[in-house]
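Peer 1: First, the structure itself, so that you have it in front of you.
FYI, it's all coordinate maths here, none of it is from the lab. In this text the structure is predicted, and so the values were computed from the model without any measurement. Cβ placement follows ideal geometry from the backbone for every residue including glycine, while neighbour counts extend to all protein chains displayed.
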Amino acid sequence: MRVGKITTRAKTTYMHDLPMDEIVSDGFRMDSISNKNLLNSAYIRAWLLTHFVTLGDDQKHVHKLRNYLELLRQDISSLAAFTTVFGKTPSELDNMELQKYKRSIPNYSFPFDASKVNTRHSVRKATDVEYRRIMNYLELSKKVFSGS
C-alpha cells in the first residue's frame, strides 16, 4: 500500500471502487467485503478521510469531527450528520477536497493487505465516559500539534 502520492495503477485499482458515501454510511461493514481490492480500497479511503479530519489543513477540521460525533450521539444518521457538518456529502468532499489533500501528504510505501487486518468489529454508541475521552483526546491533540 502507498500512503500519499500513489501510482497510476493503484489509483485506478483501489481509489474509486467504493463511493465515499457508502464507506461513511450507517450500514457499511468492512467485514462484509470479500473482494480483496475493494477491501483495500475501503481501508485506504477510510484512513485518508480519518487523516484529513484529524490532521489535515493544520487540524482545521477537528471541530467538524467533534460536531459529527455529537450528531451521531443524537442518533442522526451518519450520512445526514456528515452532510450537516461538512456542508457536502462524503463523495462530494472526496471529489472536492480529499483528492487534493491526498496529493499534498508525504508518500510512504509499505506492503499492505487489508484482508489480514481484523475488520470484524461491532458498532455501538459510545458511553458518556468514552465520548468525553474522545473529545478530550481531540482537544489535546489539537493543542499538541498547534504548539499551544
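Peer 1: In a shell of Cβ-Cβ distance under 13 Å around PHE28, excluding PHE28 itself, what net charge do Lys and Arg (+1) and Asp and Glu (-1) give?
Peer 2: -2
Peer 1: Spin-label point model (7 Å from Cα, Cβ direction): what's the GLN74 to ARG120 distance in nm?
Peer 2: With each label placed 7 Å out from Cα toward Cβ, I get 3.6 nm.
Peer 1: Can you tell me, using C-alpha contacts under 8 Å and at least 6 residues apart, the relative contact order of the stretch 12-91 as a whole percent?
Peer 2: Details: 66 pairs, mean separation 26.0, N = 80.
Relative contact order comes out at 32 percent.
Peer 1: How far, in nm, would the chain grow between ASN136 and SER91 when pulled straight, counting 0.36 nm per residue and subtracting the alpha carbon separation?
Peer 2: Residue separation times 0.36 nm, minus the Cα-Cα distance, leaves 13.3 nm.
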